[in-house]
Amino acid sequence: MIIDFHVHSFPPEIAPNVLYKLGVEKARILPFSDGTMDGIIKSMEPCGINYSVNLPVPTSMKQVIKLNRLAIETKEEHFAKGIINFGGMHPDYEDYKTIIKDLAANGIQGIKVHPSYMGIDIDDIRFLRILDAASEAGLAIITHAGIDIGIYDRNYCSVKHVLNVIEQVHPETFILAHMGNWGCWDEVEKYLCGAPVLFDTAFSLGKTTPNPLSTEPPYMDQKLTEEEFVRICKKHGTDKILFGTDSPWGDAPVEVEQIKALPFSDEEKEMIFSGNARKILKI
């Protein structure tokens, strides 16, 4: 079994505009699907991905109710197609406890937060209270961690911020996307490997694919090398690594084959591809 713990989808009517703004104007990287739910499902088939975890990112308070209600209402329909819905939260949304309780009561197993898109540090009290409530409700928490390739002037979820969160909140299932802290992997290896967090592999291995429509290259060309990637996984523990593609920004078939080719044991590959995720998702 393969579980992709990190994908994004957008309504068909806005997906082209979102991909242009993010893929051409901001991050300047190439998307590998059309950014829709159908696009994710189509990308899963050729590489044997059984389930993908869909991560909504409410970039304003106005989107919180709509996105979470949609996650609940489409949960069964999407699961039948191999999609597992997570909820999302914005730090300025005041009635966060009601949303979190509603998600948990309706079988949604986690929430996504994105400090960079929200312009607020992950260890800000507005985030800390959300993370605390979500953890208390038994929800997994996945956050964008590290520099965002399209918002690279400031790291809103740095290693230092993460350590503050761990110290103050102790979230039970805290997942740091992009191998702990995108673009800051020396700090990850020094300070986060072995910490009570999980890393996902999304958008962290190999070369960045530039968008030919962009007038400038991406912020970073090289992500982790294979040697660096394996070393961090081993040091942190392969029982705390989750496979993720960051679709539409990751090429799912290529990324599956990349992990398969790395010098992990069969047991380690099983943990990365699905074993660790199945424990969180209870499947």
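The values are calculated or read from the model by the stated rules, or taken from the named source; none is laboratory data. Only a predicted model underlies this, so the values are computations on that prediction, with no experimental measurement involved. Every residue, glycine among them, receives a Cβ derived from its backbone with ideal geometry; neighbour counts consider all protein chains shown. These area figures cover heavy atoms from the full protein model, side chains too; ligands, DNA and RNA do not enter into them. Shrake-Rupley method; radii C 1.70, N 1.55, O 1.52, S 1.80 Å.
Among the residues here, residue 57 qualifies as in a loop (DSSP other than H, G, I, E, B), within 23 Å of residue 208 (Cα to Cα) and aliphatic (A, V, I, L, M). Taken over region 167-187, the criterion of being within 21 Å of residue 277 (Cβ to Cβ) and not aromatic (Phe, Trp, Tyr) is satisfied by 171, 172, 173, 175, 176, 177, 178, 179, 180, 181.
Scan region 162-180 and report the pairs whose first residue is modelled with pLDDT of 95 or more and whose second residue is open to solvent by 40 Å² or more (accessible area, probe 1.4 Å), with Cβ atoms within less than 6 Å and a gap of 6+ or a chain change. Once the first residue is modelled with pLDDT of 95 or more and sits in region 162-180, its partners that are open to solvent by 40 Å² or more (accessible area, probe 1.4 Å) give 169/132. For residue 159, the conditions (1) open to solvent by less than 10 Å² (accessible area, probe 1.4 Å); (2) among the β-branched types (Val, Ile, Thr); (3) more than 17 Å from the chain's Cα centre (by Cα) are fulfilled apart from (3).
Yes/no per residue for (1) closer than 11 Å to residue 211 by Cα; (2) in contact with a strand residue (DSSP E or B) (Cβ under 6 Å, 6 or more places away or on another chain); (3) open to solvent by 30 Å² or more (accessible area, probe 1.4 Å):
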| position | (1), (2), (3) |
| --- | --- |
| 3 | no, yes, no |
| 8 | no, no, no |
| 13 | no, no, yes |
| 20 | yes, no, yes |
| 30 | yes, no, yes |
| 34 | no, no, yes |
| 39 | no, no, no |
| 42 | no, no, yes |
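Counting only residues that are assigned to a loop (DSSP other than H, G, I, E, B) and either acidic (Asp, Glu) or farther than 23 Å from residue 45 by Cβ (or both), how many does region 67-97 have? The number of residues fulfilling the criteria is 7.
Kindly establish whether residue 187 is free of Cβ contacts under 8 Å to residues at least 60 places away in the same chain and assigned to a helix (DSSP H, G or I). Yes: the conditions hold for residue 187. Applying the condition of being among the aromatic types (Phe, Trp, Tyr) and not in a loop (DSSP other than H, G, I, E, B) to region 107-156 and asking which residue is most open to solvent (accessible area, probe 1.4 Å) yields 117. With the structure loaded, tell me whether residue 104 is in contact with a helix residue (DSSP H, G or I) (Cβ under 9 Å, 6 or more places away or on another chain), among the small types (Gly, Ala, Ser) and open to solvent by 20 Å² or more (accessible area, probe 1.4 Å) or whether it fails that test. Answer is yes for this residue.
Residue count for region 193-229 satisfying the condition of being farther than 26 Å from residue 41 by Cα, hydrophobic (A, V, I, L, M, F, W, C) and either in contact with a Cys (Cβ under 9 Å, 6 or more places away or on another chain) or open to solvent by 20 Å² or more (accessible area, probe 1.4 Å) (or both): 2. Applying the criterion of being at pLDDT 95 or above and surrounded by fewer than 20 Cβ atoms within 10 Å (Cβ to Cβ) to the residues of region 269-283, the residue that is nearest to residue 176 (Cα to Cα) is 280.
One residue stands out among those in region 68-101 that are surrounded by 20 or more Cβ atoms within 10 Å (Cβ to Cβ) and of a type in the set (A, V, I, L, M, F, W, C): the one that is farthest from residue 3 (Cα to Cα), which is 99.
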